[in-house]
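Taking it in order: structure first as structure tokens, then the write-up.
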Amino acid sequence: MATSPSAPLRVLTGITPSGTPHLGNYVGSIRHSVRQSVAPGVESFFFLADYHALIKVQEPALIQRSTLEIAASWLACGLDPERVTFYRQSDVVEIPELTWFLTCVTGKGVLNRAHAYKAQLDKNIAKGEDPDADVTAGLFMYPVLMGADILMFNAHKVPVGRDQVQHIEMARDMAQRFNHQYGEHFTLPEAEIDDAVATLPGLDGRKMSKSYGNTIAMFAPRAQLQKQIASIVTDSRAPGEPKDTEGSALFQIYQAFATADETEALRKAFAEGIGWGDAKQMLFERIDLEVAPLRARYEALMNDPAEIERILLVGAEKARKLARPFMAELRHAVGLRNLAAGSVKAGARKAKVARPSFKQYRERDGLFYFKLLDAQGAALLQSRGFASPQEAGRAIAALQQQRGAALAGMADQLEPSSPEELRAANEALEALAEATAPTNGS
């Protein structure tokens, strides 16, 4: 699905309601996403991924409470529901329907390689258990649901951590396969990784995570926040002894909230031997300076859950105004059609037998690209950018006519490929030439 250069850049962000929001969520996602949502030329989608929560949380009250807390957190941090599309995943009924459509074009082998599924298998094997012990279909199909979240709104960019990049690549693969089978409907999404966004360590120095139980609650009351910060693990060096900033969870958390000058001042204090108690007090005061105004808004929202529900339902309707007609288009594309709307006429074009093909397109950088796809829609060759569609077309024509010989001579116009990939591309070019060659008597 092509996007005109004047169309807004669509950015989609989701968070799973599986616990109380913590400072890691704030620094790693919420703060950055809210700031990005007001950028000119950006159309932002924010959703509460409550279907995803069902994969790992079987406590209904926890999911409900977490959904409320996370919605209140985003709103308290300045997310403007008038400016963005802010919705609860389960309120957009078209998403599970699209999940099924994508399931029907996604190879099991692709899902076999998903990190979360493989991690559970490896864990079971290490314990000497059945490899699929405790593996639900929900865990296995998680990437398809995530693909539906993204492709439903044809998001261009999806901000994720590096551990989630694989899921964006899977969504691209699903989109390519569907487009190849049923026509151009989906934009190919891209992962957006901002290395300037901090990943916070937790109380014990490991990554701040609910699964480690080492979090600092995002909107804990002031006294509780101070108590949690006081429990950050430090070494045994006494006041007056120089302290290392490298590997210090306390210093890294401070740096995520402080200005460059404030960070440098604490770095100097570490070198001069600041006591851990004083350093923790500095951290508490710096965090509270930023969070206290947001905490007041958060507490007001938490005391008015009906208002949050209203905002989410309005957002869901806004999302469905896009999802409903798009799903109608996709239903028609796959053949789920009104039988009374007309029948297939005699002599109508028969369905094409799947075969290799070229896909030519323009990216947002203004350059023109092409891909060689196999019969299942998987990419075999990826070109580099051309200044005009005519140049890209001439390169495609050379590949179609000269096949293997052209592959060798166009290395500077193609992204690097392994020998196996080049061999598969050559076989596809030969198959395409054979399929398009005129038959006797034609």
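Structure notes:
- For ALA223 and ARG310, the FRET efficiency from 1/(1 + (r/R0)^6), where r spans their Cβ atoms and R0 equals 41 Å, is about 0.80.
- Computed over the Cα atoms of region 287-336, the ratio of the radius of gyration to the Kirkwood radius (Rg/Rh) comes to 1.36.
- Net charge dipole, the chain: roughly 1320 debye, given to the nearest 20, about the Cα centre with Cβ charges of +1 for Lys and Arg and -1 for Asp and Glu.
- Angle of helix 137-151 to the longest C-alpha principal axis of the chain, folded into 0 to 90 degrees and rounded to 10: 80°.
- Most positive-pole-ward Cα, ALA306, GLY273, ALA296, against dipole of region 265-307 from beta carbon charges: GLY273
- When the pairs LYS56/LYS210; LYS210/LYS268; LYS321/LYS371; LYS108/LYS210; LYS123/LYS207 are compared against a 24 Å limit on Cα-Cα distance, LYS210/LYS268; LYS321/LYS371; LYS108/LYS210 fall above it.
- Within the straight-line cut-off of under 28 Å between alpha carbons, the lysines reachable from LYS318 are LYS157, sequence neighbours fewer than 8 places apart in one chain being disregarded.
- Cα→Cβ-extended label distance, 7 Å offset, between LEU9 and GLU299, nm: 3.8
- Potential lengthening of the chain between GLN181 and LYS108 amounts to 24.5 nm, from the contour at 0.36 nm per residue minus the alpha-carbon distance.
- Against the main long axis of the alpha-carbon atoms of the chain, helix 419-436 sits at an angle near 40°.
- Averaged per residue, the chain has 51 square angstrom of accessible surface, using a 1.4 angstrom probe with ligands and nucleic acids left out.
- About its Cα centre, region 118-266 has a charge dipole of approximately 440 debye under the convention of +1 per Lys or Arg Cβ and -1 per Asp or Glu Cβ, with nothing else charged.
- VAL291, VAL93, ranked by accessible area, largest first (probe 1.4 Å): VAL93, VAL291
- Summarising the amide proton neighbourhood of ASN214: residues at separation of 5 or more, or on other chains, whose placed amide H is nearer than 5 Å comprise SER209.
- In this simple spin-label model, placing a label point 7 Å from the Cα along the Cα-to-Cβ direction at both ASP261 and GLU317 gives a separation of 4.9 nm.
- With Cα atoms, 0 to 90° folded angle of helix 260-271 axis to the chain main axis: 60
- Couplings 3J(HN,Hα) for region 33-50, derived from phi with the Karplus relation 6.51 cos²θ - 1.76 cosθ + 1.60 (θ = phi - 60°), are 5, 5, 4, 5, 5, 9, 5, x, x, 10, 10, 9, 10, 10, 9, 8, 7, 6 Hz, where x marks Gly and Pro.
- In sequence order, calculated HN-Hα J values of region 10-18 (Karplus, 6.51, -1.76, 1.60; Hz; x Gly/Pro): 8, 10, 10, 10, x, 9, 8, x, 10
- Dipole moment magnitude, nearest 20 debye, region 1-117 about Cα centre, only Lys, Arg, Asp, Glu C-beta charged: 400
- Computed E for GLN400/LEU139 - FRET, C-beta separation, R0 56 angstrom, nearest 0.05: 0.85
- Per-residue [θ]222 nm for the chain (sum of -39500 (n - 2.57) over DSSP H runs n ≥ 4, rounded to 500): -15500 deg cm²/dmol
- Residue (of GLN181, SER73, ASN338) at the positive-pole extreme of the chain, dipole from beta-carbon charges: ASN338
The values are calculated or read from the model by the stated rules, or taken from the named source; none is laboratory data. Treat the numbers as computed from the prediction; the structure is a model and nothing was measured. Here Cβ is always computed from backbone atoms with ideal geometry, including for glycine, and neighbour counts include all displayed protein chains. Accessible surface is based on the protein model in full, side chains and every heavy atom, while ligands, DNA and RNA are left aside. Shrake-Rupley method; radii C 1.70, N 1.55, O 1.52, S 1.80 Å.
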